Amino acid sequence: MQTDTDQLLRRILTDVLGLKAGQADGFTAETGLFGHLPELDSMAVAGLLTEMEDRLDIMIEDDEIDGELLETYGSLLVFAEAKRAAA
């Protein structure tokens, strides 16, 4: 069962990256993001993080961003859920 954060994050990825409708719905925790989705390049990362801050009402610090954060959908979701819980 998807959490509210999960649903929002899938919408954010779809909107920011211009994914096909429903494409993000098939993402699992192991789905690779950066380096696996051609739409998620270094330029798109800033837009993605900004949208996450706006739509999830969180603040992402520069020192929280590393390669592991964007490695898989699962790692990004865990991060987003933790940030929302702490907010």
Problem set entry | Only Lys, Arg (+1) and Asp, Glu (-1) charged, at Cβ; the chain dipole about Cα centre in debye | 400
Exercise. Summing Lys, Arg as +1 and Asp, Glu as -1, what charge do residues with Cβ under 9 Å from the Cβ of residue 60 carry, residue 60 excluded?
Worked result: -3
Exercise. Taking H as built 1.01 Å from N, whose amide H comes closer than 5 Å to the amide H of residue 72, not counting residues under 5 places away?
Worked result: 33
Problem set entry | Positive-end residue, the chain charge dipole about Cα centroid, Cβ charges, pick of 48, 59, 3 | 3
Exercise. Expressed as a whole percentage, what fraction of the accessible surface of the chain belongs to carbon and sulfur atoms when a 1.4 Å probe is rolled over the protein heavy atoms?
Worked result: 52
For this session: Give me the percent of Cα-Cα pairs in the stretch 7-87 that sit more than 20 Å apart, rounded to a whole number.
Result: 22
Exercise. How much accessible area per residue does the chain have, in Å², with a 1.4 Å probe?
Worked result: 59
Exercise. Based on DSSP H runs of at least 4 residues, each adding -39500 (n - 2.57), what is the mean residue ellipticity at 222 nm of the chain after dividing by all its residues, to the nearest 500 deg cm²/dmol?
Worked result: -16000 deg cm²/dmol
Exercise. Relative to the present Cα-Cα distance, how much length would full extension add between residue 20 and residue 2 at 0.36 nm per residue of separation?
Worked result: 4.5 nm
For this session: Describe numerically, in nm with one decimal, the distance between label points set 7 Å from Cα along Cα→Cβ at residue 81 and at residue 57.
Result: 2.0
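The values are calculated or read from the model by the stated rules, or taken from the named source; none is laboratory data. Worth saying up front: this structure is predicted, and the values here are computed from it rather than measured. Positions of Cβ are generated from backbone atoms using ideal geometry, with glycine treated the same way; all protein chains shown enter the neighbour counts. For the accessible areas, the whole protein counts, side chains as well, though only heavy atoms, and no ligand, DNA or RNA atoms are used. Shrake-Rupley method; radii C 1.70, N 1.55, O 1.52, S 1.80 Å.
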